[in-house]
Amino acid sequence: MLRKLASCILFLVLAVVGSVYGQVKIGDGTVPGESTTPNPNAVLDLSSMQRGVLFPRVELTAVVNPAPLTEHVAGMMVYNTSTQNDVVPAIYYNDGAKWVFVGAVQGSNVSYDPTTYVITYVDSGGNPQTINLVQAIKGNETKTLLIKESEGRYVFYNEASIDETGNPITGAGVAIDIPASVINQ
């Protein structure tokens, strides 16, 4: 009986000690001269020169929605397989409040519609953004007008000398007399 009790106590002590020390090193033997001891700063130490890590593949629905998790968990990392709302197929990590797109190629979530001239992308905060090139150009263009008066003579109107309908404001233009300029120079 005493022997059984001692065996049980020894088993419990080993189980507790074994569960406290939980570092693991997994390797495929392709790294020459590498130690089998895990890095002391890592819980899991993976080692290979020929293989990668395969993240769990899930279908995210939006960066603010924790699904398929029940809640946001900071540090969680997954590969999203769906394209919907503001997520695209890529690796995402969770910052505790939302899913964050990860990738060396940020441009992979950029698209351009040549029919509407609209660029769409997901920013670093996971928010969908659009740039309408027609509106951007119209908002920054300047209007000028050059009216031929006679042979070699023109009147130039800049944006400030053109009314809202696109017509020149009388007396606001600058006269350009090319023959006189050539003779005087």
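The values are calculated or read from the model by the stated rules, or taken from the named source; none is laboratory data. All values reported here derive from a predicted model rather than from experimental measurement. Don't worry about glycine lacking a Cβ; one is built from the backbone with ideal geometry, like all the others, and counts go over all protein chains shown. For the accessible areas, the whole protein counts, side chains as well, though only heavy atoms, and no ligand, DNA or RNA atoms are used. Shrake-Rupley method; radii C 1.70, N 1.55, O 1.52, S 1.80 Å.
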Inset, instruction - Among Pro89, Pro68, Pro40, determine the one that fluctuates most according to a GNM of the chain built with springs between C-alpha atoms less than 10 Å apart. - result: Pro40
Inset, instruction - Using only alpha carbon pairs under 8 Å that are at least six residues apart, calculate the relative contact order of the chain and give it in whole percent. - result: 9 percent
Legend entry - Net length gained if the chain between Lys143 and Thr83 were fully extended (0.36 nm per residue, minus Cα distance): 17.4 nm
Inset, instruction - Summarise the accessible area of the chain (1.4 Å probe, protein heavy atoms) by the percent that is carbon and sulfur. - result: 60 percent
Legend entry - Residue of Gln84, Gln135, Gln50 that the Gaussian network model of the chain assigns the largest fluctuation, springs spanning Cα pairs under 10 Å: Gln50
Inset, instruction - Calculate, axis by axis, the spread of Cα positions in the chain along the three principal axes, and write the results as whole Å, longest axis first. - result: 122, 42, 25
Inset, instruction - Using a 10 angstrom cutoff on alpha carbons, build the Gaussian network for the chain and name the most mobile of Asn127, Asn85, Asn167. - result: Asn167
Legend entry - Inter-label distance, nm, simple model (7 Å from Cα along the C-beta direction), Glu71/Gln129: 3.2 nm
Inset, instruction - Quick one: what are the phi-derived ³J(HN,Hα) couplings along region 155-166, Karplus 6.51/-1.76/1.60 with θ = phi - 60°, whole Hz, x for glycine and proline? - result: 10, 9, 10, 8, 4, 6, 9, 10, 6, 5, 8, x
Legend entry - Per residue, in Å², the accessible surface of the chain once ligands and nucleic acids are set aside, probe 1.4 Å: 73 Å²
Legend entry - Over 20 Å [Cα-Cα, region 79-185], rounded percent: 63 percent
Legend entry - With DNA, RNA and ligands ignored, accessible area of Tyr117 (1.4 Å probe; Å², nearest 10): 110 Å²
